[in-house]
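The values are calculated or read from the model by the stated rules, or taken from the named source; none is laboratory data. No experiment lies behind these values; they were computed from the predicted model shown. Don't worry about glycine lacking a Cβ; one is built from the backbone with ideal geometry, like all the others, and counts go over all protein chains shown.
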Amino acid sequence: MYRGVLVILFVLQCLISTAQTPKKVAVSNSGCSIYTYCPTKFDFDYSEDSSGVYTGECINAEVTYGIICIKLLKPINDLAAAEEIMISYLDFLKADFHVKTSTGYGKGLMLNNDPNTRGVIDYWKDTELQNWKIKGWTDGKFIGVLYAYSKKELPEAKVNVFLDGFRLPVATKGKTGR
């Protein structure tokens with residue numbers, strides 16, 4: 001009997017662990033990737049300035065996980081300026097996502113401790129009373145906005161893995177013009 005309970009607990013733990021393990025997925029052909037908990041289909045379009053925009057969403061355990069990855073047509077060498085453009089874009093998204101309240105942007109983040117990146121974080125609530133947590137990342141060549149939302153309280157640890165799971169393209173040594 002005791003052995004049977006242990007086997008059942010082990011099987012349940014394996015199933016839970018598998019369901020909670022994020023998978024690395026390429027963001028279409030952008031060169032970027034994310035770690036996500038669910039299969040994500042990506043769409044591609046162009047912004048008003050002809051930058052490439054990749055978008056994707058998926059749902060796992062009543063939480064919607066999404067990404068907007070922008071390959072900037074004209075890279076921005078000044079990271080402070082790139083961060084401000086990213087924040088302007090996030091402000092635009094607030095209207096698009098019907099956000100009614102936000103805590104305000106927390107600045108000073110770096111993706112994977114890379115000093116050549118900038119990031120911001122914010123918490124939103126929309127008109128449907130959904131809870132959002134977002135992070136925006138930029139290196140001046142790309143802007144990545146990752147978000148998670150749900151009507152329930154967000155599972156912080158799981159959401160944080162997703163929001164911090166954005167990966168920029170790896171620069172090729174000796175390659176110019178990147």
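Rundown of residues vs (1) in contact (Cβ under 8 Å) with a residue 24 or more places away in the chain; (2) in a loop (DSSP other than H, G, I, E, B), yes/no style:
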{"position": "ALA82", "(1), (2)": "yes, no"}
{"position": "LYS100", "(1), (2)": "yes, no"}
{"position": "PRO115", "(1), (2)": "no, yes"}
{"position": "LYS125", "(1), (2)": "yes, no"}
{"position": "TRP132", "(1), (2)": "yes, no"}
{"position": "VAL145", "(1), (2)": "yes, no"}
{"position": "ALA157", "(1), (2)": "no, no"}
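Of the residues ASP91, ASP164, ASP139, only one is over 24 Å from TYR46 (Cα atoms) and at pLDDT 95 or above; which? Before the answer, list the steps.
Values: ASP91 fails: over 24 Å from TYR46 (Cα atoms); ASP139 fails: over 24 Å from TYR46 (Cα atoms).
Result: ASP164 is the single residue among ASP91, ASP164, ASP139 that is over 24 Å from TYR46 (Cα atoms) and at pLDDT 95 or above.
Can you find, within the range 116-152, the residue that is surrounded by the most Cβ atoms within 10 Å (Cβ to Cβ) among those that are within 20 Å of VAL27 (Cα to Cα) and hydrophobic (A, V, I, L, M, F, W, C)?
Across the range 116-152, the extreme among qualifying residues is TRP137.
When you check GLY144 against the structure, is it touching a Cys at 6+ places or on another chain (Cβ under 6 Å) and closer than 25 Å to LYS71 by Cβ, yes or no?
yes
Going by the structure shown, is ILE59 β-branched (Val, Ile, Thr), at pLDDT 95 or above and not in a strand (DSSP E or B)?
no
Of everything in the range 44-70 that's within 20 Å of GLY165 (Cα to Cα) and of a type in the set (Ser, Thr, Tyr), which residue is surrounded by the most Cβ atoms within 10 Å (Cβ to Cβ)?
The initial filter retains those residues of the range 44-70 that are within 20 Å of GLY165 (Cα to Cα), namely 53-70.
From what's left, of a type in the set (Ser, Thr, Tyr): 54-55, 64-65.
Details: TYR54: 21, THR55: 18, THR64: 15, TYR65: 25.
Checking each candidate, the answer is TYR65.
Output yes when any residue across the range 49-67 is more than 21 Å from VAL27 (Cα to Cα) and out of contact with any Asp or Glu (no Cβ under 9 Å at 6 or more places or on another chain), and no when none is.
Within the range 49-67, one or more residues are more than 21 Å from VAL27 (Cα to Cα) and out of contact with any Asp or Glu (no Cβ under 9 Å at 6 or more places or on another chain).
Here is a list of conditions, (1) closer than 18 Å to ASN77 by Cα; (2) free of Cβ contacts under 8 Å to residues at least 24 places away in the same chain; (3) buried (at least 16 other Cβ atoms within 10 Å of the Cβ), and VAL170 meets all of them except one; can you say which number that is?
Just one mismatch for VAL170, condition (3).
Output the number of residues of the range 134-143 satisfying the condition of being of a type in the set (Lys, Arg) and either part of a strand (DSSP E or B) or in contact with a Phe, Trp or Tyr (Cβ under 8 Å, 6 or more places away or on another chain) (or both). Give the steps one after another, and end with the answer.
Going through the range 134-143, the residues of a type in the set (Lys, Arg) turn out to be 135, 141.
Applying the additional criterion that residues be either part of a strand (DSSP E or B) or in contact with a Phe, Trp or Tyr (Cβ under 8 Å, 6 or more places away or on another chain) (or both) yields 135.
Looking only at that region, the number is 1.
Among the residues of the range 71-93 satisfying the criterion of being surrounded by fewer than 16 Cβ atoms within 10 Å (Cβ to Cβ) and of a type in the set (D, E, K, R), which is nearest to the chain's Cα centre (by Cα)?
Only one residue fits best here, namely ASP91.
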